[in-house]
Amino acid sequence: MEMGRILTIMRNRNKRMNYWPLAAGLIFIAAVARLLPHPANFAPIGAIALFGGARLGRWWGLAIAFGAMLVSDIFLGFHSGMWHVYVAFAIAYFIGRSFRTSVTVPNVLGGSLLTSAVFFLITNFGVWAEGFWLPTHMYPLTANGLITSYVMGIPFFGATLMSDLLYSGALFSAYALVQLKTQYRVVNAEIGTA
């Protein structure tokens, strides 16, 4: 069989295949990891949001990431800073959406780094900004207070960065491997019937 026909079979079959159950399963497994003991800020949710945006499309990725957060927050506890954490993960979802038609290693790596940076910037700003509505807050509502908030967040940034890189690599790699294996089976089945 000629190579052109094989590639056409793979492209056509890939358009018809529903990878959503696999993606949802991978996200579920990563979300459960958030409930297991782990270092501070070493959690899979940023990678889940990034992966969901790139691979699930529509709003499913965002809904699953937020669902994983809500379910795990029931067990871990709700707090006043949740809004900025959720905003950071929503942005991670849209970062994933930005490269959904071109999921490459550089895009996943760049998306993971950007997700970590966005999380750091938004959550530390949120901790500082809580002083506007909470009677007790950690940092003064001054430029120095904001800088102090970011400086105090630096030790947590390493764990965020490592977890986003690790979990993004695992999610995108597992998805790609299963997708390739499925396509291989499809092509073999099509060739066998030709």
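Read-outs throughout are calculated quantities, based only on the coordinates presented, and are distinct from any laboratory measurement. All values reported here derive from a predicted model rather than from experimental measurement. With ideal geometry, Cβ positions are generated from the backbone for all residues, glycine too; neighbour counts draw on all protein chains shown.
Legend: ranking of residues TYR93, TYR184 from fewest to most surrounding C-beta atoms inside 10 Å; resulting order TYR184, TYR93.
Distance between the modelled labels on TRP133 and LEU36, one decimal in nanometres: 3.5 nm (7 Å Cα→Cβ projection).
Here are labelled values, (1) 127; (2) 148; (3) 119, and one is the computed volume of the Cα convex hull per residue in Å³ for what I pasted. Which one? The calculated read-out lines up with (3). Rounded to the nearest 20, the Cβ-based charge dipole of the stretch 42-184 about its Cα centre (Lys and Arg +1, Asp and Glu -1) stands at 500 debye. Once both axes come from the Cα atoms, what is the angle between helix 60-76 and the longest principal axis of the chain, in degrees from 0 to 90, rounded to 10? Taking Cα atoms only, the helix is inclined about 50 degrees. For the chain, the 222 nm mean residue ellipticity estimated from helices alone, with every DSSP H stretch of n ≥ 4 adding -39500 (n - 2.57) and the total spread over all residues, rounds to -26500 deg cm²/dmol.
If R0 is 41 Å, the Cβ-Cβ spacing of TRP59 and ALA189 corresponds to a FRET efficiency of close to 0.80. Calculated FRET efficiency, ASN144 to ALA176, Cβ-Cβ distance, R0 = 41 Å: about 0.35 to the nearest 0.05.
Within 10 Å of each residue's Cβ, count the other Cβ atoms and sort THR142, THR101, THR123 from fewest upward.
THR101, THR142, THR123
Contact order for the chain, expressed relative to its length and based on alpha carbon pairs under 8 Å spaced 6+ residues apart, stands at 28 percent.
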